[in-house]
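Q: Please read through the structure below; I'll follow up with questions.
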Amino acid sequence: MTNKNALLLIVLYSAFSILWLYVFSITGFSLSDSVNFNVMSKIVGSIRLLFLIGFLMALSLVTLSYFSDRLERKKAIIFSIAAVILTLLISSLFFQNKMQFLLMMLFYGLGSVWVSYQKSEKKGASRRMRDGWKMAKKMTLSLAFGAVIVSVIFVNMNATYYEDSFKDSLLSLVSSFDVSKMLSDPEFIEEMVKEQIPDYQTFREEALASQGIESIDDVREKIREQYENQAGWEQIPEDRQREIIENATLTSWNLLEQQINESYQNMFGSEALRSRISEMQSKISKENIGKISSQFIEKMPFMNILIKALPYVVAFISFSAITLFGTVCVAPFAAVLNLLFRR
């Protein structure tokens, strides 16, 4: 009887596991979907298959638990691992990325051991349903942790690919709006141009710094040095020296301020602003709208931080997606099936 239960455990558990893995491979979901902003349309299009996967996974788990209870715990664990290995060998034909699949199957094996170790109740409908819910949560939690490990490893290994996919997906999302109309709006363009213009105080400080001047005292010191190098300067009374230096300092300072102001007006004044706006409008066309949108995205706040943290963002999304899938699509089926099987 023990051999029969062991054989049924291996055959049925691996068969149902292979079935749900095959259906999952049909959906086309992969790790790159974690950086795809259009994945919702893919999920909606695959909603029936997702519930079918949930049912088959629940059926496999209840089968595993049912036959594990008829075996010694040590034997149940051994035969559940054997079933997972058989599943791995056959299901690997369905997936292109063998390394990711292998790592996920490792955690599927851990989840299988966890479920087979669980002793299920036979009495009480609520207890049987609760046990079915628990085994589904254990398996999906194990897979979710596996997805975290896989995400961190493979996104780091292929950082450029995932970063580009993320940017392309975001660009696609932005392009789905009427970006050309927004970018062609004169008020929007004016705001963009104004954001690139430094305030006068900053421009003034940089202009003075470029000449080695921080304040009027620096100008006064330079003029003093010039006069002191002139012949006969020492013969002029000190009061007259101070007056000459002060007048020259004020004249030089006012001229410098005037030059800086004129330079600022020429570069960023109203006339220059209109010219820049006109130039920006002439650049905006259907041919370069994608390039402008891409530059706009790259300058978005926190974009660099988000890109650097992308492996962990993908890991969080993958973990959340699997646990949500387990709660919505697997656990309810497992609870009902366990109730029916445990009569």
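Derivation of every value follows stated rules applied to the coordinates shown; laboratory data play no part. Values in this document were obtained by computation on a predicted structure and should not be read as measured data. Please note: Cβ atoms are built from the backbone with ideal geometry, for glycine as well, and neighbour counts cover all protein chains shown.
Q: At Ser215 and Asn156, where each label point lies 7 Å from the Cα along Cα→Cβ, what is the point-to-point distance in nanometres?
A: 5.2 nm
Q: Among Leu19, Leu56, Leu7, rank each residue by its count of other Cβ atoms within 10 Å, from fewest to most, as a rough exposure measure.
A: On the way: Leu19 19, Leu56 22, Leu7 12.
With the fewest neighbours first, Leu19, Leu56, Leu7 line up as Leu7, Leu19, Leu56.
Q: Could you give the nm distance between label points at Leu89 and Leu106, where each point is 7 Å from its Cα heading toward the beta carbon?
A: With each label point 7 Å from Cα toward Cβ, the separation is 2.1 nm.
Q: Show me, for the stretch 145-155, the HN-Hα J-couplings you get by feeding each phi into the Karplus relation (A = 6.51, B = -1.76, C = 1.60, θ = phi - 60°), rounded to Hz, glycine and proline as x.
A: Using θ = phi - 60°, the values come out as 5, x, 5, 4, 4, 4, 4, 4, 5, 7, 6 Hz.
Q: Follow-up. All other residues with a Cβ under 14 Å from the Cβ of Phe79 taken together, and with Lys, Arg as +1 and Asp, Glu as -1, what is their net charge? Don't jump to the answer; show the numbers that get you there.
A: On the way: positive: Lys4, Arg70, Arg73, Lys74, Lys75; negative: Asp69, Glu72.
Computed value for this residue: +3.
Q: Ranked highest first by average number of other Cβ atoms within 10 Å, how do 253-264, 61-72, 237-248, 320-331 line up? Don't skip to the answer; put the middle values down first.
A: On the way: 253-264: 13.9, 61-72: 22.4, 237-248: 11.9, 320-331: 18.6.
Top to bottom by mean Cβ count within 10 Å: 61-72, 320-331, 253-264, 237-248.
Q: Give me the one-decimal nm value for the distance between modelled label points at Glu228 and Glu243, 7 Å along each residue's Cα-to-Cβ direction.
A: Going by the 7 Å Cα→Cβ label model, 2.2 nm.
Q: If packing is taken as the mean number of other Cβ atoms within 10 Å per residue, what is the order of 44-52, 225-233, highest first? Could you put the intermediate results ahead of the total?
A: Working: 44-52: 13.7, 225-233: 9.7.
Ranked from most to least packed, the peptides come out as 44-52, 225-233.
Q: Going by how many other beta carbons lie within 10 Å of each one, how would you line up Thr27, Thr249, fewest first? All intermediate terms of the calculation are to be shown ahead of the outcome.
A: Details: Thr27 16, Thr249 19.
Least to most surrounded, the residues fall as Thr27, Thr249.
Q: Explain nothing, just compute: Karplus ³J(HN,Hα) = 6.51 cos²θ - 1.76 cosθ + 1.60, θ = phi - 60°, for every residue of the stretch 202-207 in order, whole Hz, x for Gly and Pro.
A: Residue by residue, the stretch 202-207 yields 5, 4, 5, 4, 5, 5 Hz.
Q: Additional query: Find out how many positive minus negative residues lie around Ser34, taking Lys and Arg as positive, Asp and Glu as negative, among other residues whose Cβ is under 15 Å from that of Ser34.
A: Numbers: positive: Lys42, Lys167; negative: Asp33, Glu163, Asp164, Asp168.
Charge balance near Ser34 sits at -2.
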